[in-house]
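One structure is given below, encoded as structure tokens.
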Amino acid sequence: MDNPLAWRPQAINTGNWLAGYSLNALRERVGTDRIVLPICSLGTPAEELTGLAPLVLPPLYHEALDDELRVALVSRITECFPFYHETSRGGESSVELIELPARAHPACGPTGGVVAFSVDTAVEEHGPHLPLATDTLQSYAVLERLASEHPGVVLAPPVDYGQLTWGLPFGMSIDITAPLLTRYVTGYTNAIADWLEPTAAYVVDVHGSIVHRAAIQDGLAASRIGRWSFRWLHDPLVALSGDRGDQHAGGVETALIEFINPALVDAAWWPSRREELLAKQMSLEDAVRLSSDLPTFIERVESERLNGIVGGLENYDAIDGADLMERILGVSRTDLAALLPTG
């Protein structure tokens with residue numbers, strides 16, 4: 001896209017970018033509204049993409065793909081979305097592929113700086129009250145702040161697909177698998193190297209799967225960018241999140257999204273239906289235990305009609321979104337200082 005932040009919704013469940021909608025809102029639109037997956041060039045004007053259909057998935061980029069990878073990614077995405085093929089609703093609806101002509105576009109910012117982008121799972125359910133792109137929204141709130149503090153930092157569009165497990169039983173979640181993620185990250189990073197000619201790359205994610213993180217770093221290591229740094233942005237929050245059983249779409253992510261933009265939290269659900277949300281969340285312990293047995297995970301979700309939150313929404317009462325963001329920014333500023341030129 002020409003504007004690396006053009007995908008960012010101003011409010012949940014509005015506009016054409018599908019990742020700005022919640023799990024429940026999309027369930028109501030699947031089968032009614034046309035959904036497209038675009039393949040386009042870096043720098044494609046955002047309005048060209050949003051005009052394609054009522055609901056537009058995040059794009060794949062021509063420059064990051066070879067023919068084999070393109071076929072494999074499209075096949076995997078359509079297996080997962082809108083409902084994973086092994087769930088009871090698998091095959092219920094479909095996604096239309098639209099491949100725009102490959103074109104060279106001007107760089108999205110000055111060349112020769114430190115490029116920053118995220119590799120998150122932007123198409124991953126985050127319960128009834130948060131948008132699918134919750135992880136990417138957090139990443140770019142941090143990166144935008146860093147870019148405002150350092151003119152030498154240039155934002156690039158996000159990599160919006162990654163490896164995940166927990167979202168698949170609920171729907172509206174795409175897992176491209178670790179091997180495909182590694183290949184796509186390498187292709188994307190090489191494309192960014194050609195487009196923005198950076199001196200270094202700062203790459204972040206919020207999603208946090210260990211497999212996902214390893215795949216990103218493998219992809220970066222295989223790229224042509226010699227200087228890079230990777231950060232899982234929730235690393236400084238572990239004592240306040242995972243250690244409390246609050247891992248996915250719970251208190252920490254709700255507080256952070258609310259801090260970034262309160263309009264991105266669905267007020268029809270939070271806090272007005274708090275007890276209903278708490279009653280249908282899955283515990284972190286159960287999610288970890290079931291991760292290696294996806295059929296049983298799916299059966300549990302479908303039989304109990306769980307809502308996509310994994311543990312710890314009640315943790316919201318013990319944390320503060322502004323404090324969480326400052327903790328993330330603290331480690332990110334240190335990371336970035338090592339990449340920026342001195343003197």
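The values are calculated or read from the model by the stated rules, or taken from the named source; none is laboratory data. Owing to the predicted nature of the structure, the values given are computational and were not obtained by experimental measurement. Neighbour counts run over all protein chains shown; Cβ positions are idealised from the backbone, glycine included.
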The listed residue being over 22 Å from the mean Cα position of the chain (by Cα) and closer than 30 Å to residue 153 by Cβ, out of 320, 235: 320
Qualifying helices (runs of 4 or more DSSP H) (wholly inside region 230-322; at least 2 residues being touching a residue at least 40 places away in the same chain (Cβ under 8 Å), out of contact with any strand residue (DSSP E or B) (no Cβ under 9 Å at 6 or more places or on another chain) and within 30 Å of residue 335 (Cα to Cα)): 251-260
Residues of region 323-343 satisfying the condition of being in a loop (DSSP other than H, G, I, E, B) and buried (at least 20 other Cβ atoms within 10 Å of the Cβ): 339
Of all residues making up region 65-89, the number that are surrounded by fewer than 16 Cβ atoms within 10 Å (Cβ to Cβ) and part of a loop (DSSP other than H, G, I, E, B): 5
Matching entry among 287, 249 (being on the phi > 0 side of the Ramachandran plot and not aromatic (Phe, Trp, Tyr)): 249
Of all residues making up region 274-307, the number that are surrounded by 14 or more Cβ atoms within 10 Å (Cβ to Cβ), closer than 16 Å to residue 27 by Cβ and basic (Lys, Arg): 1
Residue in region 17-35 that is modelled with pLDDT under 95, among the aromatic types (Phe, Trp, Tyr) and within 21 Å of residue 163 (Cα to Cα) present: no
Hits in region 10-25 (condition: touching a Leu at 6+ places or on another chain (Cβ under 7 Å) and not hydroxyl-bearing (Ser, Thr, Tyr)): 11, 12, 16, 18, 19
Residues of region 60-88 satisfying the condition of being under 20 Å from residue 5 (Cα atoms) and either among the aliphatic types (A, V, I, L, M) or touching a helix residue (DSSP H, G or I) at 6+ places or on another chain (Cβ under 6 Å) (or both): 60, 63, 64
Complete set of residues in region 90-113 that are under 18 Å from residue 3 (Cα atoms) and surrounded by 15 or more Cβ atoms within 10 Å (Cβ to Cβ): 100, 107, 108, 109, 113
Filter result for residue 148 (of a type outside the set (Val, Ile, Thr) and out of contact with any strand residue (DSSP E or B) (no Cβ under 7 Å at 6 or more places or on another chain)): yes
Residues (out of contact with any helix residue (DSSP H, G or I) (no Cβ under 7 Å at 6 or more places or on another chain), in contact (Cβ under 8 Å) with a residue 40 or more places away in the chain and within 20 Å of residue 223 (Cβ to Cβ)) located in region 165-197: 190, 192, 194, 195, 196, 197
Residue pairs meeting the criteria (Cβ under 7 Å; at least 6 apart or on separate chains; first part of a helix (DSSP H, G or I), in region 21-34; second at pLDDT below 95 and not acidic (Asp, Glu)): none
Residue match in region 13-31 (condition: more than 27 Å from residue 182 (Cβ to Cβ), surrounded by 19 or more Cβ atoms within 10 Å (Cβ to Cβ) and among the hydroxyl-bearing types (Ser, Thr, Tyr)): yes
Candidates 199, 182, 165 - the one that is among the β-branched types (Val, Ile, Thr) and over 22 Å from residue 234 (Cβ atoms): 199
